[in-house]
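In what follows, a single structure is set out as structure tokens and then discussed.
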Amino acid sequence: MTADVRRLRLDWRGWLLVGSLFACALAAILIPALPQPLSYHAFADCRSFGWVPNLLNVASNLPFLAGGALGIALIFRGGGHFADPRESLPYLVFFAGALLTSLGSAWYHLAPDNSRLVWDRLPMTLGFAGLVSSAIAERVDARAGLRALWPLLALGAFTVLYWYGTERHGRGNVIPYGLYQAWSVLAIVLLLPLFPARRHTHGHFLAWAAAWYALAKVFESTDPEVFRLTQGLVSGHTLKHLLAAGAVFAILQGLRLRRARANPTLAPLA
């Protein structure tokens, strides 16, 4: 049996990861359709400044722009200590997703509705796909990670377009998109303990990214409560943007600091 064949065989950890994806796909089929609640667009902080409506929810997307741009620049300058240049592709997709999310989310928050929400969610699927793909490449198998990127990108885009198409026809169903996002987070949570980072140092920054994003989701779900607790200073959704951007900067910092290990146990692409 060749080394390539041995590398492609899945143990129970790999089957658990793949099985979680199929379980989410099955749930997307079986769970009754749920349209996007119109209340989703009613954010607690609606304050405007000059010609900019919903100022803080718009402006708080700037860290995504900065993190995405810095990440792309780092990779193009040769940072990250990639054994093969092709291994940087998932990270480029991730940082491009962050950069485009800043634009799409700002556009959405200027006048929140379903048609603008598409341009917020589409680039987010780039970020999810890029991060999961890069984690698989770093922790499981470089070739498998790159091969997973394109199906994950296609699946993410499909869930957003499917949701919006069903909304346009009066049968909205946001469940597939919600489960795609949930699985992306679950995949990272599974990869962290099951497949320790062995090719590069500073793999713990992926855990920091997951923690920042989890905290962001908490603040997203408590948007009006945070606004009341801070006496109108800042809303939960604004803080959600800042905390989620913290996940982007965690990945960026990990790439800046990491070094290739002297004796990696995972083979590179070559």
Can you run down the residue pairs with Cβ atoms below 8 Å, 6 or more apart or on separate chains, where the first is in region 21-44 and closer than 21 Å to residue 224 by Cβ and the partner is assigned to a loop (DSSP other than H, G, I, E, B) and open to solvent by 90 Å² or more (accessible area, probe 1.4 Å)? none
Please identify the pairs in which a residue from region 100-120 that is under 24 Å from residue 130 (Cα atoms) has its Cβ atom under 8 Å from the Cβ atom of a residue that is open to solvent by 10 Å² or more (accessible area, probe 1.4 Å) and of a type in the set (S, T, N, Q), counting only partners at least 6 apart or on another chain. 117/36; 120/101
Do you know which residues across region 56-92 are over 26 Å from residue 160 (Cβ atoms) and either touching an Asp or Glu at 6+ places or on another chain (Cβ under 7 Å) or free of Cβ contacts under 8 Å to residues at least 40 places away in the same chain (or both)? 73, 76, 77, 78, 82, 85
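Quick check on my filter: what residues within region 64-77 are crowded, with 22+ Cβ neighbours inside 10 Å and out of contact with any His (no Cβ under 9 Å at 6 or more places or on another chain)?
Matches in region 64-77: 67, 68, 71.
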Residues of region 120-154 that turn out to be out of contact with any Ser or Thr (no Cβ under 8 Å at 6 or more places or on another chain), under 22 Å from residue 14 (Cα atoms) and assigned to a helix (DSSP H, G or I), as a count: 15
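Being assigned to a helix (DSSP H, G or I), under 20 Å from residue 206 (Cα atoms) and at pLDDT 95 or above narrows it down to one residue among 99, 117, 56; which is it?
Numbers: 117 fails: under 20 Å from residue 206 (Cα atoms); 56 fails: under 20 Å from residue 206 (Cα atoms).
Criteria check complete, one pass: 99.
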Sole miss for residue 137 among (1) crowded, with 23+ Cβ neighbours inside 10 Å; (2) within 22 Å of residue 37 (Cβ to Cβ); (3) more than 15 Å from the chain's Cα centre (by Cα) is condition (2)
Give the residue that is surrounded by the fewest Cβ atoms within 10 Å (Cβ to Cβ), with candidates limited to residues of region 142-183 that are more than 15 Å from residue 131 (Cα to Cα) and among the hydroxyl-bearing types (Ser, Thr, Tyr). 162
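Report, by residue number, each residue of region 184-220 that is of a type in the set (Val, Ile, Thr) and either open to solvent by less than 20 Å² (accessible area, probe 1.4 Å) or touching a Pro at 6+ places or on another chain (Cβ under 9 Å) (or both).
188
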Exactly one condition in (1) part of a helix (DSSP H, G or I); (2) of a type in the set (D, E, K, R); (3) touching an Asp or Glu at 6+ places or on another chain (Cβ under 9 Å) is false for residue 198; which is it? (1)
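What is the residue count in region 78-95 for residues that are open to solvent by less than 30 Å² (accessible area, probe 1.4 Å) and either of a type outside the set (Gly, Ala, Ser) or closer than 20 Å to residue 61 by Cβ (or both)?
7
The values are calculated or read from the model by the stated rules, or taken from the named source; none is laboratory data. Source: prediction; values computed, not measured. Please note: Cβ atoms are built from the backbone with ideal geometry, for glycine as well, and neighbour counts cover all protein chains shown. When the accessible area is computed, the model is the full protein with side chains, heavy atoms only, and any ligands, DNA or RNA have been set aside. Shrake-Rupley method; radii C 1.70, N 1.55, O 1.52, S 1.80 Å.
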